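Asker: This is the structure I have questions about; it appears just below.
The values are calculated or read from the model by the stated rules, or taken from the named source; none is laboratory data. Not measured: the values here are computed from a predicted model. Cβ atoms come from the backbone with ideal geometry, glycine included; neighbour counts cover every protein chain shown.
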Amino acid sequence: MQHPEDKKNERLGDREIRVGASAAGKATERKHGRVYRWLDNFWYHYKWHTVAVLFVAVVLTVCIVQLVSRDTEADVDIVMAGPYSFTTREEDLTALRACLATYLPADFDESGDKKVKIISYSFYSEEEIEDIESRLDENGEPLGVKVDTAQNANQYEQFYSYLRTGSSSLYFLSPSLYEELAERTSTLVDLKELLGVLPEGALLFADGEGNSVCLGVRLGDTALYRENSAVRTLPEDTVICLTAPFVFGSSSNTEQYEHAVSYIKALMGIQ
């Protein structure tokens, strides 16, 4: 006589049939297919390898896009970031580009023409936003001006995203943004050491070791500003600075970086 426990399981050929087990019950034991289980196993064992490969792929993609989109007719790229924009004053931007091009010491790309490319990011610091939104008209009533904070934040993030590509070395920045980068003393170059002299309009900053370094120059205190009306379309408290070479991007190219160095010397009137 068959034992009751033996009746729970019977065999038919090579398959095991569980008496009383419904089809639905068996389906719940295998929620996912073979592909899902393979991916789950792969991610468990190789997730950090995958993250590293994806990171490298993103960096390479950014660099390639920057190289492909780079204006080959420009000898030097200048990034301008702060509470000003040329979107509604194209004539000012054209005049500024032409003026800055006259300071180029050479036709670096040998295109037959000296040109600079200006990459502009327009955004405001919190203090600047408060100042704009608190302005009054001639009757003492609020002007009602509002800054699009979402757009402002977007421009701010775009600036830092571009900075991280290492595509440009020369920057014209608002004071607040300059101070942010100056806190990262490895980002900006000591212009006193680079130029061999303390430039006119030098802004001194104490580094982490207590040394006084010049990480920027106040535009309004330079001959460049005094002698060119086109440059005076920029706020006089704009800060000129140079980033250190990056490990990728245009600034990692020794020759291109030297072009930026020779150009900032020319802007400062240093031979």
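Asker: Report whether or not residue 226 is more than 26 Å from residue 256 (Cβ to Cβ) and surrounded by 15 or more Cβ atoms within 10 Å (Cβ to Cβ).
Answerer: Details: more than 26 Å from residue 256 (Cβ to Cβ): yes; surrounded by 15 or more Cβ atoms within 10 Å (Cβ to Cβ): no.
For residue 226, the condition - more than 26 Å from residue 256 (Cβ to Cβ) and surrounded by 15 or more Cβ atoms within 10 Å (Cβ to Cβ) - is not met.
Asker: Something else: Residue 160 - would you say it is of a type in the set (Phe, Trp, Tyr), out of contact with any Phe, Trp or Tyr (no Cβ under 8 Å at 6 or more places or on another chain) and at pLDDT 95 or above? Break it down stepwise before answering.
Answerer: Numbers: of a type in the set (Phe, Trp, Tyr): yes; out of contact with any Phe, Trp or Tyr (no Cβ under 8 Å at 6 or more places or on another chain): yes; at pLDDT 95 or above: no.
Considered against the rule, which asks whether it is of a type in the set (Phe, Trp, Tyr), out of contact with any Phe, Trp or Tyr (no Cβ under 8 Å at 6 or more places or on another chain) and at pLDDT 95 or above, residue 160 comes out as no.
Asker: Here's another thing I want to ask about it. Say whether the condition of being touching a residue at least 60 places away in the same chain (Cβ under 8 Å), touching an Asp or Glu at 6+ places or on another chain (Cβ under 9 Å) and among the small types (Gly, Ala, Ser) is met by at least one residue in the stretch 103-125. If you could, list the steps in order and put the result at the bottom.
Answerer: Applying the first criterion (touching a residue at least 60 places away in the same chain (Cβ under 8 Å)) to the stretch 103-125 yields 103-106, 108.
Now drop any that are not touching an Asp or Glu at 6+ places or on another chain (Cβ under 9 Å), which leaves 104, 106, 108.
In the following step, the residues that additionally are among the small types (Gly, Ala, Ser) were identified as 106.
Yes, the stretch 103-125 has at least one match.
Asker: When residues of the stretch 183-218 are filtered for being of a type in the set (Ser, Thr, Tyr) and crowded, with 19+ Cβ neighbours inside 10 Å, how many remain?
Answerer: The first filter runs over the stretch 183-218 and keeps only residues of a type in the set (Ser, Thr, Tyr), leaving 185-187, 212.
So of that shortlist, the ones also crowded, with 19+ Cβ neighbours inside 10 Å come out as none.
So the count comes out to 0.
Asker: When the residues of the stretch 164-182 are filtered to those that are within 13 Å of the chain's Cα centre (by Cα) and hydroxyl-bearing (Ser, Thr, Tyr), which remaining residue is surrounded by the most Cβ atoms within 10 Å (Cβ to Cβ)? Before you say what the answer is, go through the steps one by one.
Answerer: Initially, the stretch 164-182 is screened for residues within 13 Å of the chain's Cα centre (by Cα), giving 164-169, 171, 177, 181.
Remaining after also requiring hydroxyl-bearing (Ser, Thr, Tyr): 165, 167-169, 171.
Values: 165: 17, 167: 24, 168: 24, 169: 27, 171: 25.
Among those residues, the one meeting the criterion is 169.
Asker: So, one more: Could you tell me which of the residues 82, 13, 25, 33 is over 28 Å from residue 159 (Cα atoms) and modelled with pLDDT of 60 or more? Show your work before the answer.
Answerer: Values: 82 fails: over 28 Å from residue 159 (Cα atoms); 13 fails: modelled with pLDDT of 60 or more; 25 fails: modelled with pLDDT of 60 or more.
It is 33.
Asker: Going through the stretch 240-258 one residue at a time, which ones are closer than 22 Å to residue 201 by Cα and surrounded by fewer than 20 Cβ atoms within 10 Å (Cβ to Cβ)?
Answerer: At the first step, the residues of the stretch 240-258 found to be closer than 22 Å to residue 201 by Cα are 240-244.
Passing the criteria: only 244.
Asker: Can I ask one more? I'd like to check something: does the stretch 131-150 contain any residue that is part of a helix (DSSP H, G or I), modelled with pLDDT of 90 or more and over 16 Å from residue 173 (Cβ atoms)?
Answerer: Within the stretch 131-150, one or more residues are part of a helix (DSSP H, G or I), modelled with pLDDT of 90 or more and over 16 Å from residue 173 (Cβ atoms).
Asker: Let me ask you something else. Can you name every residue in the stretch 94-133 that is of a type in the set (Asp, Glu), under 16 Å from residue 77 (Cβ atoms) and crowded, with 16+ Cβ neighbours inside 10 Å? First the steps, then the outcome.
Answerer: Going through the stretch 94-133, the residues of a type in the set (Asp, Glu) turn out to be 107, 109-110, 113, 126-128, 130-131, 133.
With under 16 Å from residue 77 (Cβ atoms) added as a condition, the list becomes 107, 109, 113.
Hit for the stretch 94-133 is 109, nothing else.
Asker: From the list 111, 122, 134, which residue is of a type in the set (Gly, Ala, Ser) and either within 25 Å of the chain's Cα centre (by Cα) or closer than 24 Å to residue 217 by Cα (or both)?
Answerer: Numbers: 111 fails: either within 25 Å of the chain's Cα centre (by Cα) or closer than 24 Å to residue 217 by Cα (or both); 134 fails: either within 25 Å of the chain's Cα centre (by Cα) or closer than 24 Å to residue 217 by Cα (or both).
Exactly one of 111, 122, 134 is of a type in the set (Gly, Ala, Ser) and either within 25 Å of the chain's Cα centre (by Cα) or closer than 24 Å to residue 217 by Cα (or both), namely 122.
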